[in-house]
Structures are given as C-alpha cells and as structure tokens.
Amino acid sequence: MFNPGYILLYVSSPQASAAFYSELLGLTPIENSDTFALFKLTSGVMLGLWSAATVEPAATAVGGSELAFSVADKATVDATHAQWAARGLSIAQTPRALDFGYTFVALDADGHRLRVFTPG
C-alpha cells in the first residue's frame, strides 16, 4: 500500500515561498535551490515548493487543495487568525464554525489555501 509522504506546491518563486513557509512553520528548508525548496515537517511529511515554471509536466492552476493545520482549540484558531492577518496574509474565510469544527482560511502568495481548524 502506498503512503503519501510528500506534498508539492507549485509556486512562482521557490525562494520567496521558502522564506514565507520558513517563518510560518518555524522550520529551515533541508533543500533550497532556485527552482525547489523542501521542508521536513514534524510529522515526517515533506513539503516541497517547486517552481511552476520548471515543473514537468507543466502544472495546472492552483486553488483546488489546501494545507490544513489542526490546532488545540478555538482560542488558538482566533489567535492564529489575528497573527496571520497582522502579517498581511490574505484571509479567504474569517473564523467560523462549520460542520467539522471551528476554522479560518488564509492564502499564500500563490493562492494556496492554508486552513487552520480545531475539530468539533
């Protein structure tokens, strides 16, 4: 059975995206070049940032997926929303209760959706 271990995001500038995700995640990339950056997340999953201009085969439009971050409680969702909004991240959805829990959605510079939520 396959066990996905990598998430790849196609980005316009791997260097700019690596700086953004380094600050967001509190991690340093384990690989970093002009066309690709790679982070090892604490879960063991790898997050790759690949230049949309060099990926083969060519990438299609972004926006049909999300990186989701589970947090402990509503207060952490609200605090993260406030921090990210203050940093200038575009907020696509303000904090609200949905059927799976309490959540908000921000966007990175390439329009990738970043969901923060607490289940319940």
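Bear in mind these aren't lab numbers, they're just calculated from the coordinates by the rules spelled out. The structure displayed is predicted, hence computed values, not measured ones. Positions of Cβ are backbone-derived with ideal geometry, glycine not excepted, and every protein chain shown enters the neighbour counts.
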Seminar exercise, completed: Along the dipole axis of the chain (charges at Cβ: +1 for Lys and Arg, -1 for Asp and Glu; origin at the Cα centre), the most positive-end residue among Ala19, Leu47, Phe117 is Phe117
Exercise. What translational diffusion coefficient, in µm²/s and rounded to a whole number, does the Stokes-Einstein relation yield for region 6-51 at 4 °C and a viscosity of 1.567 mPa s, taking the hydrodynamic radius as the Kirkwood radius over Cα pairs?
Worked result: 129 µm²/s
Problem set entry | Rounded D (µm²/s) - the chain, Kirkwood Rh over Cα pairs, Stokes-Einstein at 37 °C, 0.692 mPa s | 216 µm²/s
Seminar exercise, completed: DSSP beta bridges in the chain: the antiparallel percent, rounded to 5, is 65 percent
Problem set entry | Mean separation of Cα contacts under 8 Å, 6 or more apart, over the residue count of the chain: relative contact order % | 22 percent
For this session: Among Ser43, Ser13, Ser65, determine the one that fluctuates most according to a GNM of the chain built with springs between C-alpha atoms less than 10 Å apart.
Result: Ser43
